[in-house]
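Engineer: What follows is a structure written as structure tokens; I'll ask about it next.
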Amino acid sequence: MPMALSVKIGVSKAVSTRAAAAVAGMCAVVLVAGCGGGDSDDSAKEKPSSPAPSSAPPSAGPEQEARKQVLAAYRGMWSEQVKIYGSGSFKGTHLEKYAADKALSKVKAAAFYYQNNDLVVKGEPKLKDDPKVTLTLGGTSKSATIVDCVDSTNFVPQNRRTGKKSQLDGDNRRKVQTSRAQYGSGKWMITDSTIDKGSRC
């Protein structure tokens, strides 16, 4: 925005006291303009202003950063599950980088079940792009809850040798999964994860 005009108003000695007062009052009202005495021939001059500096983009707040890290742990856990269930082995996987406590135990239990029954799970589930994340960052303990809709239509157990898919109960493949995360040792870990088998989303 250009700077306000600088106005100079000349007042001759013959101007009456009342007129001078009126001029002074006008100067007081026009707060954005500079008022001063001078020759009557002086004209108002516009002074160009330098462009305003561009503002830097705001940095992410603690909640945004925490949400980002929680989702990274959650998606990382799912990525490792897909590898483990699909290959029937833990070799070359990094589940413990993302999952701990009950979440880790549940994935291992499911993997051992598939192995013992000669099953693998090919494909992968479809997760929501933006699941609901509720953060608790106050106090000494930081935690989070992730509520997602998991679509397992293309993530079904099948016989390792024949490829025959397992018969599953019902036809609903879209179910609500609730996971919990805890912050500790400088990172977020998924500590529990449960799919509500009776839900539909």
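The values are calculated or read from the model by the stated rules, or taken from the named source; none is laboratory data. Computed from a predicted structure; not experimentally measured. All Cβ positions, glycine included, derive from the backbone under ideal geometry; neighbour counts span all protein chains shown.
Engineer: Of these, 142, 132, which one is loosely packed, with under 12 Cβ neighbours inside 10 Å, under 21 Å from residue 190 (Cα atoms) and at pLDDT 95 or above? Give the derivation first.
Structural biologist: Numbers: 142 fails: loosely packed, with under 12 Cβ neighbours inside 10 Å.
After ruling out the rest, the residue left standing is 132.
Engineer: Now for a different question. Looking at (1) buried (at least 16 other Cβ atoms within 10 Å of the Cβ); (2) over 18 Å from residue 75 (Cα atoms); (3) at pLDDT 95 or above, can you tell me which one residue 106 breaks?
Structural biologist: With respect to (1) buried (at least 16 other Cβ atoms within 10 Å of the Cβ); (2) over 18 Å from residue 75 (Cα atoms); (3) at pLDDT 95 or above, residue 106 is out only on (2).
Engineer: Now a separate question. List the strands (runs of 3 or more DSSP E) that sit entirely inside the stretch 129-201 and contain at least 2 residues that are of a type in the set (D, E, K, R).
Structural biologist: On the way: elements: 132-136, 143-151, 157-159, 174-184, 187-195.
In the stretch 129-201, 143-151, 174-184, 187-195 are the strands (runs of 3 or more DSSP E) which contain 2 or more residues that are of a type in the set (D, E, K, R).
Engineer: Still on this structure, I have one more. Can you tell me which residue within the stretch 161-177, out of those that are surrounded by 15 or more Cβ atoms within 10 Å (Cβ to Cβ) and among the basic types (Lys, Arg), is nearest to the chain's Cα centre (by Cα)?
Structural biologist: Restricting to residues being surrounded by 15 or more Cβ atoms within 10 Å (Cβ to Cβ) and among the basic types (Lys, Arg), the top hit is 175.
A quick yes/no check of all residues on (1) at pLDDT below 95; (2) among the polar types (S, T, N, Q); (3) not assigned by TED's automatic domain parsing to the domain that holds residue 73:
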{"position": "97", "(1), (2), (3)": "no, no, no"}
{"position": "116", "(1), (2), (3)": "no, yes, no"}
{"position": "121", "(1), (2), (3)": "no, no, no"}
{"position": "161", "(1), (2), (3)": "yes, no, no"}
{"position": "165", "(1), (2), (3)": "yes, no, no"}
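Engineer: Sticking with this structure for a sec: Regarding the stretch 81-101, can at least one residue be identified that is in contact with a Lys or Arg (Cβ under 8 Å, 6 or more places away or on another chain) and part of a strand (DSSP E or B)?
Structural biologist: no
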